Structures are given as C-alpha cells and as structure tokens.
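The values are calculated or read from the model by the stated rules, or taken from the named source; none is laboratory data. Since the model is a prediction, treat every value here as computed from it, not as a measurement. Here Cβ is always computed from backbone atoms with ideal geometry, including for glycine, and neighbour counts include all displayed protein chains.
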Amino acid sequence: MPYRSGVTTIQLSPATRDKLKGLGKKGETYEGIILKLIKRCGK
C-alpha cells in the first residue's frame, strides 16, 4: 500500500486481526470496524 499522509499503521497478531475482521461486514474497512467499536463503548 502506498504511503498516504495522515494514515498510521498498528501492529496486530494474526489472531487479533482475524477477530477484528469477523466483527465487520463484507467490504468494511478495519477503520470502520474500530470506529464502530469505539462508538459502542460510548467514546
């Protein structure tokens, strides 16, 4: 993936990545999944 200004990288184990992917819908980005989880936490 080419470098994009304003985008960062986080490291996850493959197991955590797979769990995160399982929480999303088809075509949903990891960012979308994470933002949805943050919203559910009331943050």
Note to self: Looking at the structure I just gave you, is residue 33 touching a Gly at 6+ places or on another chain (Cβ under 6 Å) and either modelled with pLDDT under 90 or not in a loop (DSSP other than H, G, I, E, B) (or both)?
What the structure shows: yes
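Residue-by-condition table, conditions (1) part of a helix (DSSP H, G or I); (2) loosely packed, with under 10 Cβ neighbours inside 10 Å; (3) modelled with pLDDT under 95; (4) of a type outside the set (D, E, K, R):
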{"residue": "2", "(1), (2), (3), (4)": "no, yes, yes, yes"}
{"residue": "5", "(1), (2), (3), (4)": "no, yes, yes, yes"}
{"residue": "8", "(1), (2), (3), (4)": "no, yes, yes, yes"}
{"residue": "16", "(1), (2), (3), (4)": "yes, no, no, yes"}
{"residue": "19", "(1), (2), (3), (4)": "yes, no, no, no"}
{"residue": "26", "(1), (2), (3), (4)": "no, yes, yes, no"}
{"residue": "43", "(1), (2), (3), (4)": "no, yes, yes, no"}
